[in-house]
Amino acid sequence: MSNNCYLLQCRSTGEQLLVDAADEASTLLPLIGPDGLTAVVTTHQHWDHHRALGEVVAKTGAEVLVGAPDADAVTEQTGVPVTRTLSDGDTVSVGACSLSVIAIAGHTPGSVALVYDDPAGHPHLFTGDSLFPGGVGNTFGSSEAFEQLIEDVATKVFGRLADDTWFYPGHGDDSTLGAERPHLDEWRARGW
């Protein structure tokens, strides 16, 4: 599935957080290294975003954080208990750094994105499968889910964050909100 995983490390404390233990613990664990892992945030309940969760958590003892509406499904699919459920406006700490949680329903009911507002630069947004260069994530033919997703992305992401925000999706290339903002109306008209 060519998923993206993101390993974030606090420069002050060395603590680390993984966004999506998508696959291949044998690749992820050497990257995590001896410093260990504080937490894994699973951006949503789809199997391709948590295939390595069990092994990564077993080896590191990391907490498991999942959007509240997706938490039971992640545990059911992986056998890994969720340590903490996430809701819109929550914060996730990694060392001295703090990331804000944006709940973005539509791709799944409990999809979450994380924002790190870098005090020395621009914001960084980890979007899972809710936002990609060229559009929002798949809603599998549901017009209701698409309306929820496009509305959440328009108001909670583009309505809140500046154009210089760099975003990192669950698959494929990254982009900036400034590069994508002019296309919001096209995406809405296109639908899924």
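A few remarks follow.
- Looking only at the range 39-68, residues that are assigned to a loop (DSSP other than H, G, I, E, B), over 16 Å from the mean Cα position of the chain (by Cα) and buried (at least 17 other Cβ atoms within 10 Å of the Cβ) come to 1 in all.
- Qualifying position, being farther than 23 Å from Asp23 by Cα, modelled with pLDDT of 95 or more and surrounded by fewer than 18 Cβ atoms within 10 Å (Cβ to Cβ), among Gly134, Gly106, Gly172, Gly141: Gly134
- Hits in the range 74-91 (condition: of a type in the set (Val, Ile, Thr), part of a loop (DSSP other than H, G, I, E, B) and within 27 Å of Asp152 (Cα to Cα)): Val82, Thr83
- Subset of the range 23-38 (residues that are under 18 Å from the mean Cα position of the chain (by Cα), within 20 Å of Pro169 (Cβ to Cβ) and at pLDDT 95 or above): Leu28
- Val80 being within 16 Å of the chain's Cα centre (by Cα) and on the phi < 0 side of the Ramachandran plot: no
- Test for Val101: is it assigned to a strand (DSSP E or B), at pLDDT 95 or above and either within 18 Å of Arg181 (Cβ to Cβ) or of a type in the set (Phe, Trp, Tyr) (or both): no
The values are calculated or read from the model by the stated rules, or taken from the named source; none is laboratory data. Just so we're clear, the structure is a prediction, and the values are computed from it rather than from any experiment. A quick note on method: Cβ atoms are made from the backbone with ideal geometry, for glycine too, and the neighbour counts reach across all protein chains shown.
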